[in-house]
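Visitor: Please read through the structure below; I'll follow up with questions.
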Amino acid sequence: MQFDNSKKLFHTAKQRLVGGVNSPVRAFNGVGGEPFFARSGAGPCVTDADGNEFIDYVLSWGPLVLGHAAPGVVKAVEGALRKGSSFGIPTEAEYLLAEKLAHHVPSMEKVRLVNSGTEATMSAIRLARGYTGRDIIIKIEGCYHGHVDSLLVKAGSGLTTLGVPTSPGIPAAYAACTVTMPFNDLAAAEAIFQEHGSNIAGLIIEPVAGNMGVILPEPGYLEGLRTLTQDHGALLIFDEVMTGFRVAMGGAQARYKIRPDLSAFGKVIGGGLPCAAYGGPAEIMDHLSPVGPVYQAGTLSGNPLATAAGIATLEGLEAPGAWELTEQRLTALSEGFAAIAKEAGIPVYQTQAGSMGCMFFHDGPIRNYAEATTSNTARYAKFFWGMLERGVYFAPSQYEACFTSTAHTGEHIDRTLSAAREVFKTL
Ligand code: KE4
């Protein structure tokens, strides 16, 4: 397989764009080597600048739950564009998308639309702080909520649980308002609430973790966090940017039957255009400006193209059997991989929730970030390049999720498994 045009584009891009990319994960640092450049996408496949076609299990890092250039989404966006690309004046579509979100996610009685997952989580924690009058946010090690200053934080050393920045440019004072704890560890959460209880504004969590590979919450964990936050007057914030409309139609909160106080959604709800949202009960949300004092705004928030794409995507998923299909495709893929790995004698630990999942090169079980980081990333890199060479694109990192769409057919799954059968022999 030739990547000549991609290589040329990458070297040219690097002269003007930092690292040749506009988001670090696109640089393939997790697997080594250079990224390919996308030219177009159709259904479950993406075509690169050299004309190579790949079955795509990254899907723009999650949003494309109906596949690339889904006809309903294209039609809706074209129609919206003809009527004007932005107004900065309220439009009916904003209300219609909010209505759809509230219908599927009843905890979101009121909604605010924004442009990215980062903006949604950043605004949700500001609201939590403004609403409670407290400063501390609890975050889970290995969960990612976008590049929010006070959430780019890891556990402090020694006895302190207060966070330290993971990136230069973040004042230690911001990080000090964040306390971190491991995923799936209720005892750690209890200890933190014991120590900081009356200063904790909220706890933010990916209810199914998707940024340290996919890790499922153990039975009772989310329930325990719900009780703890409630008992201490802190808000429980679910970051459903990745889990939203993938783990279940109503997100992880529907699957696990937990009602968070605030939720952040992104990715799927914009169907590939920049759209995200956060929401919760009116009693909390009405603390936002213009009704309340907590300020948050956006020139392009609720943009007509983004809302059109979001509504069309959710309508596509609402079609009978559509959401179920996304899950079935991933189940078929996972079962196939399990058999292939077993036959090859290569230990893998697989996780799945709806249409997001992960195959760790690890004998498992994996319950948290520390355990995830003992995966065999060198083997993953070999797997990644072997699959790419055979026309299948998985995430360029062991620690990202695999996604399926309604556009993946049984034949795409079979082709993927045939490629995997060859690749596993080389691992
Ligand atoms: P954005 O700001 O990238 O739209 O969303 C941030 C975000 C928030 N919460 C969760 C759970 C997320 O997964 C993300 C973004 N995820 C990734 C990769 N897993 C985005 C890809 C990228 O950074 O380019």
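Visitor: Would you please list the contacts, defined by Cβ atoms under 9 Å and residues six or more apart or on different chains, that run from a residue in region 268-287 that is touching a residue at least 12 places away in the same chain (Cβ under 8 Å) and in the same structural domain as F245 (by TED's automatic domain parsing) to a residue that is more than 16 Å from the ligand (Cβ to nearest atom) and of a type in the set (F, W, Y)?
Guide: Going by the 9 Å Cβ cut-off, the qualifying pairs are I284/Y131; H287/Y131.
Visitor: One residue is enough: does region 29-39 have a residue meeting the conditions in the same structural domain as T326 (by TED's automatic domain parsing), touching a strand residue (DSSP E or B) at 6+ places or on another chain (Cβ under 6 Å) and more than 16 Å from the ligand (Cβ to nearest atom)?
Guide: Yes: one or more hits.
Visitor: Checking M387 against (1) hydrophobic (A, V, I, L, M, F, W, C); (2) assigned to a helix (DSSP H, G or I); (3) under 14 Å from G62 (Cα atoms): exactly one of these is not met. Which one?
Guide: All conditions pass for M387, except number (3).
Visitor: Would you mind finding the one in G133, G79, G163 that is assigned by TED's automatic domain parsing to the domain that holds S289, over 28 Å from L300 (Cα atoms), open to solvent by 20 Å² or more (accessible area, probe 1.4 Å) and away from the ligand (no atom under 16 Å from the Cβ)? First the steps, then the outcome.
Guide: Details: G79 fails: over 28 Å from L300 (Cα atoms); G163 fails: open to solvent by 20 Å² or more (accessible area, probe 1.4 Å).
The unique qualifying residue is G133.
Visitor: Return the residues of region 168-224 that are among the charged types (D, E, K, R) and within 16 Å of the ligand (Cβ to nearest atom); say none if nothing qualifies. So that I can check it myself, show each step before the final result.
Guide: Of the residues in region 168-224, the ones among the charged types (D, E, K, R) are 185, 190, 195, 206, 218, 223.
Once the filter is applied, which keeps residues that are among the charged types (D, E, K, R) and within 16 Å of the ligand (Cβ to nearest atom), region 168-224 yields only E206.
Visitor: Pick out the one residue from I284, I311, I340 that is away from the ligand (no atom under 16 Å from the Cβ), among the aliphatic types (A, V, I, L, M) and closer than 25 Å to G79 by Cβ.
Guide: Working: I284 fails: closer than 25 Å to G79 by Cβ; I340 fails: closer than 25 Å to G79 by Cβ.
Step by step, each of I284, I311, I340 is checked, and only I311 is away from the ligand (no atom under 16 Å from the Cβ), among the aliphatic types (A, V, I, L, M) and closer than 25 Å to G79 by Cβ.
Visitor: Looking for something surrounded by fewer than 18 Cβ atoms within 10 Å (Cβ to Cβ) and in contact (Cβ under 8 Å) with a residue 40 or more places away in the chain - is there at least one such residue anywhere in region 345-360?
Guide: yes
Visitor: Considering only residues that are more than 22 Å from the chain's Cα centre (by Cα) and in contact (Cβ under 8 Å) with a residue 12 or more places away in the chain, look in region 14-35 and name the one that is least open to solvent (accessible area, probe 1.4 Å). Step through it out loud before you land on a result.
Guide: Filtering region 14-35 for residues more than 22 Å from the chain's Cα centre (by Cα) gives 14-20, 32-34.
Subsequent filtering for residues that are in contact (Cβ under 8 Å) with a residue 12 or more places away in the chain retains 20, 32-34.
Values: G20: 7, G32: 30, G33: 57, E34: 55 Å².
Taking the candidates together, the pick is G20.
Visitor: Under 8 Å between Cβ atoms, which residue pairs at least 6 apart in sequence (or on different chains) link something in region 94-113 that is closer than 23 Å to R255 by Cβ with a partner that is in a helix (DSSP H, G or I) and open to solvent by 40 Å² or more (accessible area, probe 1.4 Å)?
Guide: H104/A254; V105/A254
Visitor: Further question: V153: at pLDDT below 95, within 16 Å of the ligand (Cβ to nearest atom) and either of a type in the set (A, V, I, L, M) or under 23 Å from T377 (Cα atoms) (or both), yes or no? It would help to see each step written out before you state the result.
Guide: On the way: at pLDDT below 95: yes; within 16 Å of the ligand (Cβ to nearest atom): yes; either of a type in the set (A, V, I, L, M) or under 23 Å from T377 (Cα atoms) (or both): yes.
Judged against the criteria, V153 is a match.
The values are calculated or read from the model by the stated rules, or taken from the named source; none is laboratory data. From a predicted model like this one, the values you see are computed outputs, not experimental measurements. Counting neighbours? That spans all protein chains shown, and the Cβs are built from the backbone with ideal geometry, glycine included. To get the accessible areas, we keep the full protein, side chains included, count just its heavy atoms, and leave off ligands, DNA and RNA. Shrake-Rupley method; radii C 1.70, N 1.55, O 1.52, S 1.80 Å.
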